[in-house]
Amino acid sequence: MQVQMSNPILVEILRGKVVESRHRGSIAVSDSSGKLLLSVGDVDRPVFPRSAVKAIQALPFVESGAADALGFGNSEIALASSSHSGEPEHAELAASMLAKAGLDQTALECGAHWPTNHQATIDLARTGAEPCPLHNNCSGKHSGFLCTCVHTGIDHRGYVSVDHEYQRLIRATMENVTGAIHGAETCGTDGCSIPTYAVPLRNLAQGFAKMATGDGLEPQRAAAARRILVACMAEPFLTAGTGRADTKIMLAGKGRIFTKTGAEGVFCAAVPELGLGIALKCDDGTTRAAAIMVMTTLARLLAAADPLRAELVEMAHPVIKNWNGIEVGAMRPAGDLA
């Protein structure tokens, strides 16, 4: 019987001066050739990247000419790559994208849920309205799917199905960028109903290094990849939302860093100036710990004198306050990340 080693503890949560919780995880940092510059824990075990790969899934939206044909710019491309918070600006832009393709929210097959932004939920509830698919955190991605289907003449009905022509296109795109087979044996269903495939972290990290550099991609795909990352870095709020980790990191990076969170403690990132991609997972699925992991990893890749490094280090050591605003604890990187 083979015994699987546990991944190391990478984040600690303190209450007072006592460690209250510990989070294990794994991290891969790769260049576009697949060479690992940093490997922590098991980076070969397949994990579901979930929403962390939306930038890759958005490639056909740009490559097909759909974005240009509909007059879209950074804002729409960022939203098509987003896990947004359901704030009014997000829902309104998704609706606008669909309208330009001659569609409305009824074409969305992602389902509806209340905005993940607390204030947006309160404001929506006060109006007496119910949430609709536009408030779904994946409505931007799905709007991009639908716009591309309309532009390319693909019947959009049932577009979330694993056997739909558009999902087959996305699967082939994911395989091309990550170099990992996306087969039935590793396929699950994501929260927004599209297929999601378990892929080793090393492949995801290499894929985002390729997205950042264009190395190993056809010229048209390389140009589309760069355009998507630039759009997300230019529009962090539309890629995530108010107070979100992705928003904070990319605002601090000022066009130097791309990050994208996924459900269950996954993060992918790219540092174009270094030609590196990052993929990581917090084993217990805790997003707050995964955010500390990605902030610390990014900081380690930058020069010691780089002001952005110091800013990321500070972000990776947040204090915890109770409802009275009293500081009661902190979060910090641990083990191999300390």
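Would you pick out the residues in the stretch 188-207 that are within 14 Å of Val47 (Cβ to Cβ) and in a helix (DSSP H, G or I)? Can you show your working first?
The first filter runs over the stretch 188-207 and keeps only residues within 14 Å of Val47 (Cβ to Cβ), leaving 188, 190, 196-205, 207.
The answer is Leu201, Arg202, Asn203, Leu204, Ala205, Gly207.
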Might you check whether a residue that is assigned to a helix (DSSP H, G or I), crowded, with 16+ Cβ neighbours inside 10 Å and in contact with a His (Cβ under 7 Å, 6 or more places away or on another chain) occurs anywhere in the stretch 150-173? yes
The stretch 182-193 residues that are without any contact (Cβ under 8 Å) to a residue 60 or more places away in the chain and under 12 Å from Val160 (Cα atoms), paired with ones that are assigned to a strand (DSSP E or B) and open to solvent by less than 60 Å² (accessible area, probe 1.4 Å) (beta carbon under 8 Å, 6 or more apart): Thr189/Pro195; Thr189/Thr196
Number of positions in the stretch 270-298 that are of a type in the set (S, T, N, Q) and farther than 15 Å from His23 by Cα: 1
Just give me the residues in the stretch 295-315 being outside any loop (DSSP other than H, G, I, E, B) and either open to solvent by 80 Å² or more (accessible area, probe 1.4 Å) or at pLDDT below 95 (or both), in sequence order. Arg300, Pro307, Glu314
Is it true that some residue in the stretch 122-139 is touching a helix residue (DSSP H, G or I) at 6+ places or on another chain (Cβ under 7 Å), at positive phi and in a loop (DSSP other than H, G, I, E, B)? no
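From the residues in the stretch 96-105 that are open to solvent by 40 Å² or more (accessible area, probe 1.4 Å) and in contact (Cβ under 8 Å) with a residue 24 or more places away in the chain, which one is farthest from Val160 (Cα to Cα)? Let's see the steps before the verdict.
Within the stretch 96-105, the subset open to solvent by 40 Å² or more (accessible area, probe 1.4 Å) is 96, 99-100, 102, 104-105.
Those still in the list that are in contact (Cβ under 8 Å) with a residue 24 or more places away in the chain too: 100, 102, 105.
Details: Lys100: 21, Gly102: 19, Gln105: 15 Å.
Once the filter is applied, the top-ranked residue is Lys100.
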Against the conditions (1) open to solvent by 60 Å² or more (accessible area, probe 1.4 Å); (2) over 17 Å from the mean Cα position of the chain (by Cα); (3) over 22 Å from Ala78 (Cα atoms), where does Thr189 fall short? Just the number, please. (2)
Give the residues of the stretch 215-242 that are free of Cβ contacts under 8 Å to residues at least 60 places away in the same chain and small (Gly, Ala, Ser), sorted by residue number. Ala222, Ala223
Name the residue, out of Glu109, Glu12, that is closer than 24 Å to Gly241 by Cβ, at pLDDT 95 or above, open to solvent by 10 Å² or more (accessible area, probe 1.4 Å) and not in a helix (DSSP H, G or I). Glu109
Which residues, taken from the stretch 34-64, are open to solvent by 20 Å² or more (accessible area, probe 1.4 Å) and either closer than 15 Å to Ala222 by Cα or under 11 Å from the mean Cα position of the chain (by Cα) (or both)? Arg50, Glu63, Ser64
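Please determine, by comparing only the residues of the stretch 320-338 that are of a type in the set (A, V, I, L, M) and in contact (Cβ under 8 Å) with a residue 12 or more places away in the chain, which one is farthest from Ser39 (Cα to Cα). Show your work before the answer.
Quick first cut of the stretch 320-338, residues of a type in the set (A, V, I, L, M) only: 320, 326, 328, 330-331, 334, 337-338.
Narrowing the set further to residues that are in contact (Cβ under 8 Å) with a residue 12 or more places away in the chain leaves 320, 328, 330-331, 334, 337.
On the way: Ile320: 29, Val328: 33, Ala330: 26, Met331: 22, Ala334: 15, Leu337: 11 Å.
Filtering first and then ranking leaves Val328.
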Check off (1) more than 24 Å from Arg157 (Cα to Cα); (2) free of Cβ contacts under 8 Å to residues at least 40 places away in the same chain for Leu108 and give me the number that stays unchecked. (1)
Matching residues, the stretch 77-106, being assigned to a helix (DSSP H, G or I) and in contact with a Lys or Arg (Cβ under 9 Å, 6 or more places away or on another chain): Ile77, Leu79, Ala80
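The values are calculated or read from the model by the stated rules, or taken from the named source; none is laboratory data. The structure presented is a predicted model; accordingly, all values stated were derived computationally and were not measured. Cβ: placed from backbone, ideal geometry, glycine included. Neighbour counts: every protein chain shown. Accessible surface is based on the protein model in full, side chains and every heavy atom, while ligands, DNA and RNA are left aside. Shrake-Rupley method; radii C 1.70, N 1.55, O 1.52, S 1.80 Å.
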